[in-house]
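To start, the structure itself, in structure tokens.
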Amino acid sequence: MNQWGNVDQDDIVRARTTLLASGRRTPYEEVDAYRVLAQVSPTAYLPLLAEALQHLSYETGSREWRPSSLELCEEAVAVARRIDPAEPGRVDVLYRALDSYQRRLYRVGRRAEGLALRGEMLAIGRAQAERSGKTWVKGLEKWAAGLSEEGRYAEAADAMDEEVSALLPEGYQDGALAWSLLQWIAALHDAGRSADACTAFERLVVLQAAESAKGDGWVACHLHALIGYARMLDLHGRGEQAATVRQHTLARLTELAASGERISRSSYGASFWAVLLTVFGGESEWPVSDGGPRPPSGTEPRCWSPDARQRFFDSRDALRAEVDGLARRAAGDPAEHLAEVVRIHRVLTVRSAVYWEHRTHLFAERVRPLFDEGVDLARRLSRHNPAEGPRALAGALIERSAFRIAVRELGPALDDFREALSHLGEAST
């Protein structure tokens, strides 16, 4: 029987029996039953069929897409579109179906179609916001991330302007605002809006300072925000202000090393640190030559499209080979090659840290050698190049300090940070 063909009474009885049976039914059986009943009672069963098709497209046990998932997700969207527009729940069903379908399209490399569906999701979100009178629009973050992956940074920044403007009056929202601020900062930075990026970073610092002052706040997240803010200020020629921020960071880190973090809450702090790393991922220092998508900075890896994520992480092998090759040349001619080794090694370290942080609780053991190696390389550069080397060494030490904060090695983190300030000529008196 064609799934949209004529249905006789026996088909209807079998479908209802399947759904009413006390035994466990398979996802396939459920979808087949809903396909039948949706033709005779569309109001009741089309939404159920759309949800069941999405459930069937994904192997919940193995967390893998089924081979037929693209067709199932496409069918789910078609089913959702058939729901009567007058039905109040139609837009939510359609939004979820579009979300599943766009993720699958990105996974098979059909990026333009995936982004178009994100645009449709955003249109649904705008319509819902208009009806409810709310300013926050569902779908803006996904849309901004998609734009960023395509190199449309100005549009991504505009989208995040709107997102953050709607969220700011609501406050911290259990961390949601902080994650949106990270994405906003990255979008502004990538779009070349340097003054706005610094202002946005200051907002993040103020937010994390307020949260860290509470009994359940993360002082470590405040420290990561301060370290990132100083880096952003340095990048945009505000060295004096950056030095002031680093002194404040030193005071907070000294306090934290003495007292310890007040709470212990899974890996939130490490995740915050890893996402912040992507804002300064050193992409311009190791450009991708094939013109493929770049992951959206300032967002969690689970929010990246599959092909962008794969390219980002797969590049680690090539980066390792390039670092090793340059290091061999630098052994004979450090003046010519050592600075480049330090730069490329940093890109490798960032990508490895982001890769391992969300995969295993043993990520510290996986990436600690890279941060140590980065400091060692920067020390060599400092000896061979007194003009540029000390600042590179300070940067490597600050990044290792941030890593140590993330894994709660607070004493060594403080030692690294103090040494970094000495190389910058900012040692606290």
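The values are calculated or read from the model by the stated rules, or taken from the named source; none is laboratory data. Everything numeric here is computed off the predicted structure, so don't read it as measured data. Positions of Cβ are generated from backbone atoms using ideal geometry, with glycine treated the same way; all protein chains shown enter the neighbour counts.
Taking the criterion of being touching a residue at least 40 places away in the same chain (Cβ under 8 Å) and either outside the structural domain of GLY292 (by TED's automatic domain parsing) or under 19 Å from the mean Cα position of the chain (by Cα) (or both), would at least one residue in the stretch 126-138 satisfy it? Within the stretch 126-138, one or more residues are touching a residue at least 40 places away in the same chain (Cβ under 8 Å) and either outside the structural domain of GLY292 (by TED's automatic domain parsing) or under 19 Å from the mean Cα position of the chain (by Cα) (or both). For the stretch 139-179, enumerate the residues that are assigned to a loop (DSSP other than H, G, I, E, B) and under 14 Å from the mean Cα position of the chain (by Cα). Result: no residue meets the conditions. Considered as a group, the residues in the stretch 109-160 that are basic (Lys, Arg) and out of contact with any Lys or Arg (no Cβ under 7 Å at 6 or more places or on another chain) include one that is surrounded by the fewest Cβ atoms within 10 Å (Cβ to Cβ), and that residue is ARG131.
Scan the stretch 236-252 for residues that are of a type outside the set (Val, Ile, Thr), touching a helix residue (DSSP H, G or I) at 6+ places or on another chain (Cβ under 9 Å) and under 14 Å from ALA209 (Cβ atoms) and the total you get is 2. Is it the case that some residue within the stretch 180-190 is within 14 Å of THR135 (Cβ to Cβ) and part of a helix (DSSP H, G or I)? Yes - at least one qualifying residue is present in the stretch 180-190. If you check ALA209 against the conditions, is it without any contact (Cβ under 8 Å) to a residue 40 or more places away in the chain, surrounded by fewer than 20 Cβ atoms within 10 Å (Cβ to Cβ), in contact with a His (Cβ under 9 Å, 6 or more places away or on another chain) and farther than 30 Å from PRO85 by Cα? Considered against the rule, which asks whether it is without any contact (Cβ under 8 Å) to a residue 40 or more places away in the chain, surrounded by fewer than 20 Cβ atoms within 10 Å (Cβ to Cβ), in contact with a His (Cβ under 9 Å, 6 or more places away or on another chain) and farther than 30 Å from PRO85 by Cα, ALA209 comes out as yes. Among the residues making up the stretch 287-311, those that are assigned to a helix (DSSP H, G or I) and under 26 Å from LEU177 (Cα atoms) are PRO301, ARG302, CYS303, PRO306, ALA308, ARG309. Applying the criterion of being outside any loop (DSSP other than H, G, I, E, B) and not charged (D, E, K, R) to the residues of the stretch 351-367, the residue that is nearest to the chain's Cα centre (by Cα) is VAL354.
For the stretch 65-83, name all the residues that are more than 12 Å from TYR101 (Cβ to Cβ) and of a type in the set (Ser, Thr, Tyr). Result: SER68, single match.
GLU202: among the acidic types (Asp, Glu), in the same structural domain as GLN247 (by TED's automatic domain parsing), surrounded by 20 or more Cβ atoms within 10 Å (Cβ to Cβ) and closer than 30 Å to ALA242 by Cβ, yes or no? For GLU202, the condition - among the acidic types (Asp, Glu), in the same structural domain as GLN247 (by TED's automatic domain parsing), surrounded by 20 or more Cβ atoms within 10 Å (Cβ to Cβ) and closer than 30 Å to ALA242 by Cβ - is not met. Being surrounded by 15 or more Cβ atoms within 10 Å (Cβ to Cβ), under 28 Å from the mean Cα position of the chain (by Cα), without any contact (Cβ under 8 Å) to a residue 40 or more places away in the chain and assigned to a helix (DSSP H, G or I): is that true of HIS337 here? Taking the combined requirement at face value, the residue does not satisfy it.
Scan the stretch 223-231 and give yes if some residue there is assigned to a helix (DSSP H, G or I), of a type in the set (D, E, K, R), surrounded by fewer than 17 Cβ atoms within 10 Å (Cβ to Cβ) and modelled with pLDDT of 95 or more, otherwise no. Checked against the condition, which is being assigned to a helix (DSSP H, G or I), of a type in the set (D, E, K, R), surrounded by fewer than 17 Cβ atoms within 10 Å (Cβ to Cβ) and modelled with pLDDT of 95 or more, the stretch 223-231 yields no hits at all. Scanning the stretch 383-429 for residues that are farther than 21 Å from TYR229 by Cβ, outside any helix (DSSP H, G or I) and in contact (Cβ under 8 Å) with a residue 12 or more places away in the chain turns up ASN385, GLU388, VAL407, ARG408.
No other residue among ALA413, ALA392 is farther than 21 Å from CYS221 by Cβ, assigned by TED's automatic domain parsing to the domain that holds LEU276 and surrounded by 21 or more Cβ atoms within 10 Å (Cβ to Cβ) apart from ALA392.
From the list LEU105, LEU53, LEU48, exactly one residue is in contact with a Phe, Trp or Tyr (Cβ under 6 Å, 6 or more places away or on another chain), part of a helix (DSSP H, G or I) and free of Cβ contacts under 8 Å to residues at least 60 places away in the same chain. Which is it? On inspection, the qualifying residue turns out to be LEU48.
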